[in-house]
Amino acid sequence: MLISELSAASGVSTHLIKFYLREGLLRQGHLTSRTRAEYSDDHLRELVLIRALVDLRGLPVQAVGEILAALRLPATNFHYLLGYLVGSLDEPAPPAEPSEPTGADDEDSTAARRTLDEAVAAMGWHVHPGTKAMRSAEASLDALRRYGIPLDVTDLLQYAQAADTIAQADFAHLSTLASRQEMFEHALIRTFLLDTTVLAMRRLAQEHLSGQHFSGEDTDPAGTPQP
């Protein structure tokens, strides 16, 4: 297909496609003349992935380029490459407001990490302790503890078990795909897009349970905004 057809099929403007080509995010097409190139379905799939990572996820161009470069390499170790690709989407929790360090702060942080480590061990998960996901989880548990809402291991295991069920569904899908390239791409897209879906489903479940438990207390006051 020509670049105009690639644009029509992907919904990405030719101007933006040319930008991705200049930046090396999208592979060059097959030149049929000095000013004309043809693109394949592989280019279309790659363009959809780029759009998701740049426009929807908001990753910087350099980070997207590194992810795509990793995707194009022969997979020497599927586990580590998949971990790198999916881990690229993880975002550490935002840092807390700066404050003077205290012994209590250190104690809270240590307790949060201990709770996380115990939950991971109880689940039988074998994970690297320094990943972004581990740091993000630790920071969130630390913040909860500082707010006076600590989670113990029993509490955290309920969320870990739900997360394990979701991850099992992810990998059941991946096992149906024919090639590693498809597996990597689907892992990226599903992780990114379903993160938002899973969070939204949690909100829906909370709304449902709130209605079950508290809907009979009082009628909604006039002017209360809908969630």
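The values are calculated or read from the model by the stated rules, or taken from the named source; none is laboratory data. Everything numeric in this text was worked out from a predicted model, so none of it was measured. Backbone-built Cβ (ideal geometry, glycine too); neighbour counts: all protein chains shown.
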*Among (1) modelled with pLDDT of 90 or more; (2) more than 30 Å from residue 49 (Cα to Cα); (3) of a type outside the set (Gly, Ala, Ser), which single condition is residue 202 missing?*
(2)
*Give the residue, chosen from 124, 130, 216, 148, that is surrounded by fewer than 10 Cβ atoms within 10 Å (Cβ to Cβ) and modelled with pLDDT of 95 or more.*
124
*Of the residues that sit in region 136-145 and are within 19 Å of residue 122 (Cβ to Cβ) and touching a Lys or Arg at 6+ places or on another chain (Cβ under 9 Å), which one is surrounded by the most Cβ atoms within 10 Å (Cβ to Cβ)?*
141
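For region 119-132, give me the residue count where each residue is in contact with a helix residue (DSSP H, G or I) (Cβ under 7 Å, 6 or more places away or on another chain) and touching a residue at least 40 places away in the same chain (Cβ under 8 Å). Reasoning before the result, please.
Start the filter on region 119-132 by keeping residues that are in contact with a helix residue (DSSP H, G or I) (Cβ under 7 Å, 6 or more places away or on another chain), which leaves 119, 122-123, 127, 131-132.
Filter once more, keeping what is touching a residue at least 40 places away in the same chain (Cβ under 8 Å): 119, 123, 131-132.
Residues in region 119-132 being in contact with a helix residue (DSSP H, G or I) (Cβ under 7 Å, 6 or more places away or on another chain) and touching a residue at least 40 places away in the same chain (Cβ under 8 Å): 4 in total.
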*asked:* out of contact with any strand residue (DSSP E or B) (no Cβ under 7 Å at 6 or more places or on another chain) and farther than 22 Å from residue 69 by Cβ: is that true of residue 5 in this structure?
replied: yes
*Return yes or no: is residue 226 at pLDDT 85 or above and not aliphatic (A, V, I, L, M)?*
no
*Report yes if some residue within region 89-110 is in the same structural domain as residue 196 (by TED's automatic domain parsing), modelled with pLDDT of 75 or more and out of contact with any Gly (no Cβ under 9 Å at 6 or more places or on another chain); otherwise report no.*
yes
